[in-house]
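Visitor: What follows is a single structure, and I will ask about it in a moment.
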């Protein structure tokens, strides 16, 4: 049914896996569209009580935006790209049931943001998480608002401007990771946590999540509006395209 994601029902738990390990599960248009569809279907399925999001392989949850795709964008593509990103993030935010991220490697950029929008996150000691968009010539806008809700202003500024990736110990201290376990235990522990939360009274759980969504609605909507405006300026300068093509060129040489 899907080309870039896989769904695996394990009793009352759905495991959604971004399945592009050859590009570290980078998020492109197809991933976003398929995740939107799958998350909406899950949300309306009364037999499925919780969902776990993860990435294929053992290197990455998701390395973020697919730079090969994004490097071909221009100012005229920004509105559609931001709208698709909004619907992708909204689909995660709209999940009324437990939503756990099983972080099995790098979680960067859009992947990092998606993980932060989940209710809780399980990772291992080798996990690295962060917001390196600035290194790709992209203004960090939507991600910074999501980070700010979780990390506070000062740490959000540091991570956004430096683009550095945070290791598991620091990530847990900052609240990015709720549990740190051996690599082979990441998915089983995430599923166990999902089962634990799925046992909570479902109406109370749904309404509690709704309260969080309503409390952050203005911030989320404002981030998307600002993001669309600033991304157009960035792409008009040509800086993101040049930075991404340079990165892709270096990666090909390594390969």
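Values quoted throughout were computed directly from the atomic coordinates according to the rules given, and no laboratory measurement underlies them. Since this is a predicted model, take the numbers as computed values, not measurements. Quick reminder, even Gly has a Cβ in these numbers, built from the backbone with ideal geometry, and neighbours come from all protein chains shown.
Visitor: If r is the Cβ-Cβ distance from residue 68 to residue 207 and R0 is 45 Å, what FRET efficiency results, to the nearest 0.05?
Guide: According to the calculation, E is roughly 0.60.
Visitor: Sort 175-182, 62-69, 75-82 by packing, meaning the average of other beta carbons within 10 Å per residue, with the highest value first.
Guide: 62-69, 175-182, 75-82
Visitor: If you don't mind, there's one more thing I want to ask. On C-alpha positions alone, give me the angle between the axis of helix 186-198 and the longest principal axis of the chain, in degrees, nearest 10.
Guide: Here the helix axis deviates by roughly 60 degrees.
Visitor: Next up: Mind ranking 213-221, 183-191 by how tightly packed they are, going by the mean number of other C-beta atoms within 10 angstrom, highest first?
Guide: Put in order of decreasing packing, that is 183-191, 213-221.
Visitor: So in the chain, what percent of DSSP beta bridges are antiparallel if you round to the nearest 5?
Guide: About 30 percent, rounded to the nearest 5.
Visitor: Please report the relative contact order for the range 5-198, taking Cα pairs under 8 Å with a sequence separation of at least 6, and give it as a percent rounded to a whole number.
Guide: 21 percent
Visitor: Given 0.36 nm per residue, what is the gain on full extension from residue 59 to residue 170 after removing their alpha carbon distance, in nm?
Guide: Extra length from residue 59 to residue 170 when fully extended: 38.1 nm.
Visitor: For the chain, find the longest principal axis of its Cα atoms and tell me its angle to the long axis of helix 239-254, 0 to 90°, nearest 10.
Guide: Roughly 80 degrees, rounded to the nearest 10.
Visitor: Still on this model: Express in nm, to one decimal, how much length is gained between residue 44 and residue 6 on full extension, taking 0.36 nm for each residue of separation and deducting their alpha carbon distance.
Guide: In short, 11.9 nm is gained.
Visitor: Calculate for the chain the 222 nm mean residue ellipticity that helices alone would give, adding -39,500 (n - 2.57) per DSSP H run of length 4 or more and normalising by residue count, nearest 500 deg cm²/dmol.
Guide: -17000 deg cm²/dmol, from helical runs alone.
Visitor: Ranked by Cβ crowding within 10 angstrom, fewest neighbours first, how are 73, 153 ordered?
Guide: Ascending Cβ contact count within 10 Å gives the list 153, 73.
Visitor: Considering only C-alpha atoms, what is the centroid distance from the range 91-143 to the range 198-214, in Å?
Guide: Each part's Cα centre sits 21 Å from the other's.
Visitor: Another question about this same structure. Quick check on the range 53-164: what are the equivalent-ellipsoid semi-axes from the Cα gyration tensor, as sqrt(5λ), descending, whole Å?
Guide: 21, 17, 15
Visitor: Between residue 217 and residue 185, how high is the FRET efficiency from 1/(1 + (r/R0)^6) when r is the Cβ-Cβ distance and R₀ = 51 Å? Nearest 0.05.
Guide: 0.90
Visitor: Can you give the extra length, in nm with one decimal, that the chain gains between residue 84 and residue 233 once fully stretched, where that is 0.36 nm per residue apart less the Cα-Cα distance?
Guide: 51.8 nm
Visitor: Another one. Need one word for the range 215-255: rounded, prolate or oblate. Basis is the Cα gyration tensor (sqrt eigenvalues a ≥ b ≥ c); a/c below 1.5 gives rounded, then a/b vs b/c decides.
Guide: Judged from the Cα gyration tensor, the range 215-255 comes out oblate (a/c at least 1.5, b/c at or above a/b).
Visitor: Go through 43-53, 199-209 and give me the packing order, highest mean Cβ count within 10 Å leading.
Guide: 43-53, 199-209
Visitor: Let me ask another. Which value does Rg/Rh take for the chain over its C-alpha atoms, Rh per Kirkwood?
Guide: Using only Cα positions, Rg/Rh for the chain is 0.95.
Visitor: So, in Å, what gap is there between the alpha-carbon centers of the range 12-59 and the range 224-253?
Guide: Here the answer is 26 Å between Cα centres.
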